[in-house]
Amino acid sequence: MTARLSALLILLASPAAAASGRFFSLRNTDFIVLLGFLAFIGILLYYRVPASIGRLLDNRAEGIRADLAEARRLRDEAQEIYASYERRQREVMGQADEIVANAKREATAQAKKAKADLEQSIERRLKAAEDQIASAEAEAVRAVRDQAVQVAIAAASDVLGRQASAADRSAGIDRAIDDLSRQLN
């Protein structure tokens, strides 16, 4: 039907109607061109060129659809990869924050431990120093007592030697030694 309509329109075309003389003559160039054109159209229809062109266009359209589907698939895959990358980046940032927080906690704990160790060391040294001071004090008190005892014995011997006889002196020395030993213990 399309071919008939095309042929009718071609016959009614203005250049064919504008030719001079009889139209349906082999000497009329417009008629010869019309016949050649119709023959060309007939050959194209006989060999089904429009159907072939239609199939080629359909195949091309199908190829474009496949390319579009592949492009969509690749876009979706790229979006998934990007989302995965963003998730991974958030995880890494979270891990980095956690590492920093752990490092701060450990540093604080180490500082507290070092401070406690330092305080214990200072306390031990102070105690050792106090013990040394107490020991030196006791040593000094003993030395002063011993010196006082010697001076007292010497003074008592001197006084008794002037006032008492030898027997009285021996008895006084014995009493002084006994008193002194009682006082020291």
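Going through Asp97, Asp131, Asp117 one at a time, which residue ends up being of a type outside the set (Phe, Trp, Tyr) and either under 30 Å from Ser181 (Cα atoms) or not in a helix (DSSP H, G or I) (or both)? Give the derivation first.
Numbers: Asp97 fails: either under 30 Å from Ser181 (Cα atoms) or not in a helix (DSSP H, G or I) (or both); Asp117 fails: either under 30 Å from Ser181 (Cα atoms) or not in a helix (DSSP H, G or I) (or both).
That would be Asp131, the only listed residue that is of a type outside the set (Phe, Trp, Tyr) and either under 30 Å from Ser181 (Cα atoms) or not in a helix (DSSP H, G or I) (or both).
If you go through region 142-150 one residue at a time, do you hit one that is modelled with pLDDT of 75 or more and surrounded by 12 or more Cβ atoms within 10 Å (Cβ to Cβ)?
yes
Please list, ordered by first then second residue, the pairs with beta carbon atoms under 7 Å, 6 or more apart or interchain, first in region 133-148 and over 16 Å from Leu184 (Cα atoms), second among the aromatic types (Phe, Trp, Tyr) and at pLDDT below 85.
Between residues of region 133-148 that are over 16 Å from Leu184 (Cα atoms) and residues that are among the aromatic types (Phe, Trp, Tyr) and at pLDDT below 85, there is no close pair.
Please name all residue pairs, on different chains or six or more residues apart, with Cβ atoms under 6 Å, provided the first residue is in region 15-35 and is modelled with pLDDT of 80 or more and the second residue is outside any loop (DSSP other than H, G, I, E, B) and surrounded by 10 or more Cβ atoms within 10 Å (Cβ to Cβ).
That search, which allows pairs on different chains as well, returns Asp30/Ala16; Leu34/Ala16.
A quick yes/no check of all residues on (1) of a type in the set (Val, Ile, Thr); (2) touching a residue at least 60 places away in the same chain (Cβ under 8 Å); (3) farther than 30 Å from Phe24 by Cβ:
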position	(1), (2), (3)
Gly42	no, no, no
Ile53	yes, no, yes
Arg65	no, no, yes
Leu68	no, no, yes
Arg73	no, no, yes
Arg90	no, no, yes
Gln120	no, no, yes
Glu123	no, no, yes
Ala128	no, no, yes
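The values are calculated or read from the model by the stated rules, or taken from the named source; none is laboratory data. Quick caveat, the model's predicted, so the values are computed rather than measured. Cβ: placed from backbone, ideal geometry, glycine included. Neighbour counts: every protein chain shown.
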